[in-house]
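The values are calculated or read from the model by the stated rules, or taken from the named source; none is laboratory data. Nothing here was measured: the structure is a model prediction, and the numbers come from that model. FYI the Cβ positions are ideal-geometry reconstructions off the backbone, even for glycines, and counts take in every protein chain you see.
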Amino acid sequence: MIGKIYKSIKDYNDSGLSNLVANQGSRFLNKDGSFNVKKTGVPLMQRLSFFNALITMSWPKFLLLILSTYFLLNLLFASIYFLIGIEHLAGTSATTASEQFLEEFFFSAQTLTTVGYGRVNPVGLFANILASVEAMTGLLCFALATGLLYGRFSRPVANILFSEKALIAPYREGKALMFRLANAKNNPLIDADIQVLISLVVQDNGHSTRKFFELVLERESINFLTMNWTVVHPIDDQSPLSGFTQDDLTKTDAEIMVSLKAFDDTFAQTINARHSYKHDELEWNAKFKTMFQRSADGRTTILHLDRIGDFEKV
């Protein structure tokens with residue numbers, strides 16, 4: 001049955017993904033939408049993008065990195081001031097070594113941020129050169145941090161929620177593959193387009209190969225993504241899943257890959273989101289429960305985002 005199905009339907013060759021079964025991991029897309037690919041063979045610095053890493057890392061990691069860098073820079077310059085001697089900083093009142101180091105550390109912080117209260121000032125050529133280098137370092141670092149902050153705030157980030165599982169549900173007089181998604185943010189998304197591919201491992205001339213098929217959807221675009229969107233692929237005679245059972249999807253190592261594109265009206269930019277469902281993340285003979293309701297006063301629609309994956313057996 002599987003061989004007859006995939007040979008009767010034109011496979012999709014524009015995915016950019018490999019059909020070699022033995023040379024790839026368990027899935028193409030991770031649950032967070034990132035590609036399940038680890039690149040090697042070139043030096044780390046050549047394949048590492050600092051800007052991308054700093055823009056895309058989580059806020060806690062980014063703030064920790066900024067604070068750590070600020071502390072380490074002050075610690076470095078304070079250590080150099082300590083090594084050249086406290087006598088090269090006029091206006092200090094410390095007597096013990098620990099007090100002197102603290103004075104130099106806070107002088108470094110004032111110089112790095114170009115605050116310069118004026119009580120402590122460098123004396124001598126070397127101390128003045130060091131203070132000048134630190135001031136320039138502070139200007140460059142804060143300019144970089146400001147640019148990164150602007151980039152993080154101005155970059156549209158798609159916060160699209162997907163149902164934990166995709167369903168094989170009754171649909172009209174047959175069945176359909178369904179999953180649900182919603183925009184978790186209040187940013188208005190318009191002109192949303194979606195494409196769904198399925199990859200299947202099949203036998204072709206006695207060899208295992210991976211085939212990709214585009215799933216025709218009941219609706220591939222909507223004008224406004226303000227509510228939830230239940231994406232439906234009818235399983236009819238033209239579907240790559242026609243006649244498939246749950247065991248068939250397991251044997252073919254099926255993976256359903258979702259690509260969503262929409263226009264963010266707030267940032268006036270296009271956002272993208274990806275998701276993936278493996279064969280063991282499909283629920284058969286189930287349907288989604290309603291996730292929105294009318295408010296008590298009847299004026300507003302309440303969308304329960306925490307119910308996006310709720311379903312019931314049928």
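Summary of values
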read-out: Set N52, N74, N128: member being part of a helix (DSSP H, G or I), free of Cβ contacts under 8 Å to residues at least 12 places away in the same chain, over 30 Å from K38 (Cα atoms) and outside the structural domain of D32 (by TED's automatic domain parsing); value: N128
read-out: Unique match (being over 27 Å from the mean Cα position of the chain (by Cα), part of a strand (DSSP E or B) and of a type outside the set (D, E)) among T250, T230, T209; value: T209
read-out: Unique residue being surrounded by fewer than 19 Cβ atoms within 10 Å (Cβ to Cβ) and farther than 26 Å from A184 by Cα when the list is D265, D247, D297; value: D247
read-out: Single match in E164, E220 (criterion: within 24 Å of the chain's Cα centre (by Cα), closer than 23 Å to I271 by Cα and free of Cβ contacts under 8 Å to residues at least 40 places away in the same chain); value: E220
read-out: Sole residue being in contact with an Asp or Glu (Cβ under 8 Å, 6 or more places away or on another chain) and farther than 30 Å from F267 by Cβ, chosen from L125, L189, L177, L200; value: L200
read-out: Single unsatisfied condition, T92 versus (1) under 29 Å from the mean Cα position of the chain (by Cα); (2) not in a helix (DSSP H, G or I); value: (1)
read-out: Any hit, the range 137-151, residues being within 30 Å of F263 (Cβ to Cβ), touching a strand residue (DSSP E or B) at 6+ places or on another chain (Cβ under 6 Å) and at pLDDT below 95; value: no
read-out: Hey, R172 of a type in the set (K, R), in the same structural domain as N30 (by TED's automatic domain parsing) and free of Cβ contacts under 8 Å to residues at least 24 places away in the same chain or not; value: no
read-out: When residues of the range 55-70 are limited to those that are within 18 Å of the chain's Cα centre (by Cα) and assigned to a helix (DSSP H, G or I), the one surrounded by the most Cβ atoms within 10 Å (Cβ to Cβ); value: F62
read-out: Options M227, M257; residue that is assigned by TED's automatic domain parsing to the domain that holds D14, aliphatic (A, V, I, L, M), exposed (fewer than 14 other Cβ atoms within 10 Å of the Cβ) and in contact (Cβ under 8 Å) with a residue 24 or more places away in the chain; value: M227
read-out: Those residues of the range 11-49 which are of a type in the set (A, V, I, L, M) and not in a helix (DSSP H, G or I), in sequence order; value: L17, L20, V21, A22, L29, V37, V42, L48
read-out: From N128, N36, residue being touching a Ser or Thr at 6+ places or on another chain (Cβ under 8 Å) and surrounded by fewer than 17 Cβ atoms within 10 Å (Cβ to Cβ); value: N36
read-out: Candidate set: the range 277-314, residues that are touching a residue at least 12 places away in the same chain (Cβ under 8 Å) and basic (K, R); chosen: the one nearest to N183 (Cα to Cα); value: R307
read-out: Checklist (1) farther than 27 Å from Q24 by Cα; (2) free of Cβ contacts under 8 Å to residues at least 40 places away in the same chain; (3) more than 25 Å from the chain's Cα centre (by Cα) applied to K185, failing item; value: (3)
read-out: Residue in the range 112-122 that is outside any strand (DSSP E or B), more than 25 Å from L72 (Cβ to Cβ) and under 38 Å from the mean Cα position of the chain (by Cα) present; value: no
read-out: Selection from the range 170-207 of residues that are closer than 26 Å to M227 by Cα, small (G, A, S) and buried (at least 21 other Cβ atoms within 10 Å of the Cβ); value: A176, A182, A192
